[in-house]
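Below is one structure; the comments refer to it alone.
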Amino acid sequence: MAALVSATSSASAQTKFDDERQGGRAPMRIRCRFEEKAFTVGLLDNPSARDLATMLPLDLVVQDFSTNEKIAYLPRKLTEEGSGPFSNEAAGDLCYYAPWGNLAFFYGGYKYSSGLIRIGRLDDGPQPLLTRGKFALRIELLPPA
């Protein structure tokens, strides 16, 4: 019975993420490329994600930070409007860390902390992020589907 409750809770959390991502309109999607890896990210419908989209395309540098994320510094800070705690953190999340002005691509588990704003999730999971190192990163806005 405990497994059933856990599975239901997890499904509800995923549905909540999908509802936030949809925001009543077609979700924005971005393509990220580094070290011969390309992946897409569905952006949430929040002010920080929309602000990032206005900056695209971008050429940045992505590098490992700690044991669970890659980071890339943006040329300017994003709006923090609408930030606040969130749940159902998962590998594959794309967040903005406001105090440092960087994107955080999580490939391992993490917990919400103050200043962290989730702006999207990798469409096919964190696998492309597992290549360790420092690389040129290209981020582009994809046309609406």
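The values are calculated or read from the model by the stated rules, or taken from the named source; none is laboratory data. Remember, it's a predicted structure, so these values are computed and weren't measured experimentally. So basically every Cβ, Gly included, is an ideal-geometry build from the backbone, and we count neighbours across all protein chains shown.
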Failed criterion for Ser87 (all others in (1) surrounded by fewer than 17 Cβ atoms within 10 Å (Cβ to Cβ); (2) part of a strand (DSSP E or B) hold): (2)
Filtered residue count, segment 60-83, keeping only those that are without any contact (Cβ under 8 Å) to a residue 24 or more places away in the chain and either crowded, with 18+ Cβ neighbours inside 10 Å or within 15 Å of the chain's Cα centre (by Cα) (or both): 0
Test set (1) among the small types (Gly, Ala, Ser); (2) modelled with pLDDT of 95 or more; (3) closer than 20 Å to Asp124 by Cα - Ala98 fails condition number: (3)
From the options Leu52, Leu78, Leu43, residue that is touching a Lys or Arg at 6+ places or on another chain (Cβ under 7 Å) and not acidic (Asp, Glu): Leu43
Cross-chain or 6+ apart pairs with Cβ under 6 Å, segment 87-109 first and over 16 Å from Thr131 (Cα atoms), then among the aliphatic types (A, V, I, L, M) and at pLDDT below 95: Asn88/Ala13
Search result, residues across segment 58-75 that are part of a strand (DSSP E or B) and more than 16 Å from Gly92 (Cα to Cα): Leu58, Asp59, Leu60, Val61, Tyr73
Count of residues meeting criterion [polar (S, T, N, Q) and either in a strand (DSSP E or B) or touching a strand residue (DSSP E or B) at 6+ places or on another chain (Cβ under 7 Å) (or both)] in segment 90-116: 1
Residue that is farthest from Pro85 (Cα to Cα), among those in segment 95-141 that are of a type in the set (A, V, I, L, M) and exposed (fewer than 15 other Cβ atoms within 10 Å of the Cβ): Ala136
